[in-house]
Amino acid sequence: MLLGMRALALAGAVFAWGTVACDAESRACRSQFQSAQDVVMNVKSDSMDSLRGALSALDAAILSCEKAELGHEKSELTKARNQIGAHLEVLERRAARKKKAKQTPEEIAELVKKGDPTCPKGQAYLHGSAKKEIRCTGPQLVELGFEDVKEYFAERRYKLTTSDSPPGIKAEFGAELYVFTFQKPNDTQGARCVTIYPAPGISWQELVSRLTGVGPEKLEPGKPIKSSRGPLALKVENSENKVVARVGTCD
C-alpha cells in the first residue's frame with residue numbers, strides 16, 4: 001500500500017541515525033521523527049481526519065529537523081508529507097463532488113448529447129444512475145495539469161507518488177507505470193515529458209494512444225504526435241527485457 005511503503009521508508013531512515021550528533025536539537029528531531037513514523041504507520045488511508053493528523057505530525061517533525069539542520073531526515077519527512085498530502089487532496093475532491101446536487105434528467109440528456117468535458121476525448125463511461133453511455137470531450141491526458149492528472153489516476157485506483165524535484169507524478173497499476181514530469185510544481189499546463197512502462201501483454205501503442213488520443217495505428221517511433229500544445233516527440237525503447245515509451249521533451 002502507498003502509505004505503508006512510505007512508512008517503511010521512514011523506518012529505514014531511523015536506522016541510519018547512529019552518527020547523528022546528540023545535541024538538543026538533534027534529539028528533538030529524532031523524537032519528532034519517531035513520533036511521525038508511528039502516526040504514519042497507523043494512518044487510515046480512507047480517513048481524512050487520520051490523514052490530516054499524519055500531516056500535522058510530519059509538519060512538526062520537518063520543522064524540528066530543519067532547526068537541527070538534518071537535511072536527510074527533513075527530506076524523508078517531506079517526501080512522506082507530499083505523498084500523504086496528495087492522497088488527502090484526492091479524498092477531499094471526491095467528497096466535494098459527492099456534495100454537489102444530483103444531476104437532473106435534463107443535465108444528463110445534455111451530457112448524452114454533447115459529451116462530458118471533464119474527461120479525456122476519445123474515452124467514454126456509463127452514467128451510474130441513468131445507465132447511459134457518456135462520451136468524453138475534454139483535454140487529453142497529455143494536456144492535463146498536475147492536479148488533474150493526479151485526480152484522473154486516483155479515481156481509477158492507481159497508486160500515486162508525487163515528487164518536488166523534478167515536479168512529477170508516478171501512477172502505477174500492477175506492472176503498468178506512467179511517470180509525468182512537469183515544468184514546475186502544481187503546473188496547470190500539460191507534462192513536459194511522460195514516460196510509460198507498459199505491463200506485459202500490453203502494447204506501448206495502446207498506452208500512448210490512451211495518453212494522447214491518437215489511434216495506435218498512427219503512432220510511429222520518431223514521428224511527432226499532434227496535440228493542442230503542438231508536436232510532441234515520441235521515442236520508444238523496445239528490447240527483450242523492457243519496453244519504454246517517452247512522449248514530449250524528455251531529454
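Descriptive notes on the structure:
- Beyond 29 Å in Cα-Cα separation lie the following of the pairs LYS44/LYS132; LYS114/LYS242; LYS114/LYS226: LYS44/LYS132; LYS114/LYS242.
- Potential extension, LEU91-LYS44 segment - 0.36 nm per residue separation minus Cα distance: 15.7 nm
- Remark: PHE33, PHE173, PHE180 ranked as PHE173, PHE33, PHE180, counting other beta-carbon atoms within 10 Å and listing the fewest first.
- Among 224-235, 60-71, 75-86, the order from most to least packed when residues are scored by Cβ within 10 Å on average: 75-86, 60-71, 224-235
- Compared with the dominant principal axis of the Cα atoms in the chain, helix 146-155 is inclined by about 80°.
- Residue separation of ASP164 and THR137 scaled by 0.36 nm, minus their Cα-Cα distance, works out to 6.7 nm of gained length.
- Under 20 Å of direct C-alpha separation, and excluding same-chain neighbours fewer than eight residues apart, LYS113 reaches these aspartates and glutamates: GLU133.
- Entries in LYS184/LYS223; LYS159/LYS184; LYS79/LYS170; LYS102/LYS159 that, when Cα-Cα distance is taken, lie over 18 Å: LYS184/LYS223; LYS159/LYS184; LYS102/LYS159
Read-outs: derived from the displayed coordinates by stated rules, not from any lab. These figures come from a predicted structure and were not determined experimentally. Every residue, glycine as well, gets a Cβ built from its backbone with ideal geometry; the counts of neighbours run over all protein chains shown.
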